[in-house]
Amino acid sequence: MRRIAAFLLALSFCGATNAQSPDTGTGQTEGEAVPVYPVTVFPPSPESEDKEQRRERVVAGLSQDSVGITARYDRMDILIYGAIKREAPIPSGSLDVIVTVEAPSRPLTIWRKERKAGIWINSEKVEIGAAPGFYAVASSAPLDEILQPDWDRRYRISLPLALRAYAGQIAVKDAVPFTEALIRIRESNGLYRLDEGAVKLVDQTLFRADVRLPANLIEGDYKTRIFLLRDGKVIDVYRAPIEVRKVGLERWLYRLAFDQPLVYGLMSLAVAVFAGWGASAAFRKLRRA
């Protein structure tokens, strides 16, 4: 009887200890409310599948993986080429390819101007959490015909979905016109571009695309993504980086402005004084002549 009583006492003690131990998987302490988020059902990702089980894969390359920005830099075309690797006969269904090139994303604020008392002033604003400085999409056919919306939302391929999210609380009734205006302005400046039909697909095996980088590039690590689609579904994704950096004198001045701002400011002041003195001396000589 003593052994049975001791066993029951030890069992009850272990159960009480386990009931009071915190749940390390959730990271919540006692008394905190567990947040509830809406559940979004996405289609299965091809990256979660074993590569050996994929029937089609992308093998691609870039004409160059780095871009040097100099004083003479105007614009540049990058050739993106590749092939589709198969270990089985070509399956049925339409095959398409989408190529995207994306610059680093930064937060920004979109303002709406209104005219009050004859003066244009900023009235309403929408803050964007992250928007790429440059974004180009090239496809083998019209985007709305070859890409299903669910897969577009998962990978954020189209231009409207390239804007990551709104920052803070939205103070306007409808934020869509603000994002549309941003896309329209950057399209006119050549920073956002949709080239439908720019990807050339040959015999459902080889493809190529020329992506033009604008003159007003920003530094950073650009991301290149190549999507292989079959019947509107993404079956494989290939990623490659493009390094964009200032080189030469431009790189030295850029680093000097951030690393030694006092020296940069004094040097800029000296250049301005010298330029003003030189222009004044030139005008004096012209008057005497």
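The values are calculated or read from the model by the stated rules, or taken from the named source; none is laboratory data. Predicted model, so just to flag it, every value in this text is computed and none were measured. Every residue, glycine among them, receives a Cβ derived from its backbone with ideal geometry; neighbour counts consider all protein chains shown. Each accessible area value is taken on the protein alone, full model and side chains, heavy atoms only, with ligands, DNA and RNA left out. Shrake-Rupley method; radii C 1.70, N 1.55, O 1.52, S 1.80 Å.
Going by what's in this entry, would Val126 be described as among the aliphatic types (A, V, I, L, M), crowded, with 18+ Cβ neighbours inside 10 Å and touching a helix residue (DSSP H, G or I) at 6+ places or on another chain (Cβ under 6 Å)? Lay out the reasoning, then the answer.
Numbers: among the aliphatic types (A, V, I, L, M): yes; crowded, with 18+ Cβ neighbours inside 10 Å: yes; touching a helix residue (DSSP H, G or I) at 6+ places or on another chain (Cβ under 6 Å): yes.
Considered against the rule, which asks whether it is among the aliphatic types (A, V, I, L, M), crowded, with 18+ Cβ neighbours inside 10 Å and touching a helix residue (DSSP H, G or I) at 6+ places or on another chain (Cβ under 6 Å), Val126 comes out as yes.
Filter the stretch 83-131 down to the residues that are in a loop (DSSP other than H, G, I, E, B) and either without any contact (Cβ under 8 Å) to a residue 40 or more places away in the chain or touching a strand residue (DSSP E or B) at 6+ places or on another chain (Cβ under 6 Å) (or both) and list them by number. Spell out the reasoning first.
Taking the stretch 83-131 first, the residues in a loop (DSSP other than H, G, I, E, B) are 87-94, 103-104, 117-118.
Of everything in the stretch 83-131, those that are in a loop (DSSP other than H, G, I, E, B) and either without any contact (Cβ under 8 Å) to a residue 40 or more places away in the chain or touching a strand residue (DSSP E or B) at 6+ places or on another chain (Cβ under 6 Å) (or both) turn out to be Glu87, Ala88, Pro89, Ser92, Gly93, Ala103, Pro104, Ala117, Gly118.
So which of Lys223, Lys173 ends up being open to solvent by 70 Å² or more (accessible area, probe 1.4 Å), assigned by TED's automatic domain parsing to the domain that holds Asp236 and closer than 15 Å to Val99 by Cβ? Working first, answer last.
Details: Lys173 fails: closer than 15 Å to Val99 by Cβ.
It is Lys223.
Give the stretch 229-246 a look and list any residue that's in contact with a helix residue (DSSP H, G or I) (Cβ under 8 Å, 6 or more places away or on another chain), farther than 30 Å from Gly68 by Cα and either surrounded by fewer than 18 Cβ atoms within 10 Å (Cβ to Cβ) or not assigned by TED's automatic domain parsing to the domain that holds Gln204 (or both), or say none. Step through it out loud before you land on a result.
Initially, the stretch 229-246 is screened for residues in contact with a helix residue (DSSP H, G or I) (Cβ under 8 Å, 6 or more places away or on another chain), giving 229, 232-237, 245-246.
Now narrow it down to the ones that are farther than 30 Å from Gly68 by Cα: 229, 232-236.
If the condition is that a residue be in contact with a helix residue (DSSP H, G or I) (Cβ under 8 Å, 6 or more places away or on another chain), farther than 30 Å from Gly68 by Cα and either surrounded by fewer than 18 Cβ atoms within 10 Å (Cβ to Cβ) or not assigned by TED's automatic domain parsing to the domain that holds Gln204 (or both), then Gly232, Lys233 are the ones that fit.
What tally of residues in the stretch 64-97 results from selecting those that are modelled with pLDDT under 85 and buried (at least 17 other Cβ atoms within 10 Å of the Cβ)?
3
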